[in-house]
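The structure appears below as structure tokens.
The values are calculated or read from the model by the stated rules, or taken from the named source; none is laboratory data. Only a predicted model underlies this, so the values are computations on that prediction, with no experimental measurement involved. Cβ placement follows ideal geometry from the backbone for every residue including glycine, while neighbour counts extend to all protein chains displayed. Areas reflect the complete protein model, heavy atoms only, side chains present, ligands, DNA and RNA absent. Shrake-Rupley method; radii C 1.70, N 1.55, O 1.52, S 1.80 Å.
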Amino acid sequence: MKTRLPELTIGIEEEYQIIDPETRELKPFIQEFLEQGQIVLQEQIKAEQLQCQVEVGSEVCRSIDEARQELIRLRRSIAHLASRNGLRIAAASTHPFSSWQEQDVTEAERYVTMQETFGDVARRLLIFGMHVHVGIPDRNLRMDIMDQSLYFLPHLLALSTSSPLWQGRDTGLKSYRSVIFESLPRSGLPPSLRSYAEYERLVDVLVQTKCIEEPTQIWWDVRPHPKFPTIEFRVCDVCTKIDEALCLTALLMAIVGKLIRLRRNNQAWRRYPRHLIYENKWRAMRYGIDGKLIDFGKGEEVPLRFLTLELLDFVDDVLDDLNIRKEAEYVHTILAEGTSADRQIARAEEGDLHAVVDGLIEETREGCD
């Protein structure tokens, strides 16, 4: 008999580019967005470090269907707000050609302090991400599942890639956002933490030694959220299409659900050394779904496409329990048609980066009307 799964609540945060449709450049407009948008979206719309960025966050969702409706509502609202001001939004983790050196910083103490502390490392953060929260009330279970989930992060990054272009150039990487973000301290893969108490001791040391002021300044690829009873997955690029975002969310729910089921059956996924997992993360950053990851059990390279199908098979027994089969199986479409990064590269090869931006704007609205 299958072990019953707990209800897994989810939340999704997405960061969008604010685009001038004439020049296709990024546009500093966040203050106006906040003044107009908070009437409808209230605390669900937020500023980010740069004034050309806008962040939205869903309400707590108890199903993937609720998450779909939330994402549609949020994207539609932000797109409408942008249109009223003669602007557009795009969901991609880098802009194809806008320069970080020309962006205005949001006038908030948090972001001014980041610039003073990190210099050009902070100023270069012209990147956009997607964060998925999965609720787990038990603090130690949260840490255990987080630690086991690290093996799968490169797979998920590869499927989400949307940042191949930077400063008008094809970088040769499918997720250049990951390169930029990992220049910050306390980013990338987290250390091995087997209990919440161990995590709290680490936070205490970092605060006492003035490395951080508070725990949200820990920017790992996955972290226990310091304010909410969730694991926050931060490894993914922001997905351009809603169906892609929901697919990645469903896969994260499935991985968490599967690992909880194993735990309740007194089993566990094998933990691998961080340096080996990082080798796979680098391959995901570089090649996306066209690459090969290392199968640590076999000790050999295996195409990401094959490993994705293996992942889908691994979580198959929880897909119906969580009512996420349709969304998770959209991964077949991603593997067949490519990620946002693949589509951007194809358009860029035609020689018109403006067309790349136009494609991102169109795909961001797809499924919202």
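General observations
- Residues that are in contact with a Ser or Thr (Cβ under 6 Å, 6 or more places away or on another chain) and acidic (Asp, Glu) within the range 316-369 comprise just one, Glu363.
- Verdict on Leu189 being within 19 Å of the chain's Cα centre (by Cα) and within 26 Å of Ala90 (Cβ to Cβ): no
- Hey, Arg84 more than 17 Å from Asp243 (Cα to Cα) and either acidic (Asp, Glu) or surrounded by fewer than 20 Cβ atoms within 10 Å (Cβ to Cβ) (or both) or not: yes
- If you go through the range 6-19 and keep only what is touching a Lys or Arg at 6+ places or on another chain (Cβ under 8 Å) and surrounded by fewer than 17 Cβ atoms within 10 Å (Cβ to Cβ), you end up with just Glu7.
- Exclusive hit being without any contact (Cβ under 8 Å) to a residue 12 or more places away in the chain and in contact with a Ser or Thr (Cβ under 9 Å, 6 or more places away or on another chain), set Lys210, Lys227, Lys241: Lys227
- Taking the criterion of being in contact (Cβ under 8 Å) with a residue 60 or more places away in the chain and more than 20 Å from the chain's Cα centre (by Cα), the residues of the range 308-322 that qualify are Val315, Asp317, Val318, Leu319, Asp321, Leu322.
- From the list Asp65, Asp104, the lone residue that is surrounded by fewer than 22 Cβ atoms within 10 Å (Cβ to Cβ) and over 30 Å from Pro185 (Cα atoms) is Asp65.
- Scanning the range 6-40 for residues that are in contact with a His (Cβ under 7 Å, 6 or more places away or on another chain) and among the aliphatic types (A, V, I, L, M) turns up Ile10, Leu26.
- Any chance Tyr272 is outside any helix (DSSP H, G or I) and aromatic (Phe, Trp, Tyr): yes
- The residue list Arg84, Arg75, Arg110, Arg88 contains one member that is at pLDDT 95 or above, of a type in the set (Lys, Arg) and out of contact with any helix residue (DSSP H, G or I) (no Cβ under 6 Å at 6 or more places or on another chain), which is Arg75.
- Flag if Arg177 is over 23 Å from Glu310 (Cα atoms) and either polar (S, T, N, Q) or surrounded by fewer than 16 Cβ atoms within 10 Å (Cβ to Cβ) (or both): no
- Residue selection: Leu293 fails the criterion of being touching a residue at least 24 places away in the same chain (Cβ under 8 Å) and either surrounded by fewer than 20 Cβ atoms within 10 Å (Cβ to Cβ) or not in a strand (DSSP E or B) (or both).
- Hits in the range 41-62 - residues which are surrounded by fewer than 19 Cβ atoms within 10 Å (Cβ to Cβ) and over 24 Å from Glu107 (Cβ atoms): Glu59, Val60, Arg62
- Residue match in the range 323-340 (condition: under 26 Å from Met143 (Cβ atoms), touching a Leu at 6+ places or on another chain (Cβ under 9 Å) and in contact (Cβ under 8 Å) with a residue 24 or more places away in the chain): yes
- Among residues of the range 197-223 being touching a strand residue (DSSP E or B) at 6+ places or on another chain (Cβ under 9 Å) and of a type in the set (A, V, I, L, M, F, W, C), the one that is farthest from Thr117 (Cα to Cα) is Val222.
- Residue within the range 232-243 that is within 23 Å of the chain's Cα centre (by Cα), under 26 Å from Pro185 (Cα atoms) and open to solvent by 40 Å² or more (accessible area, probe 1.4 Å) present: no
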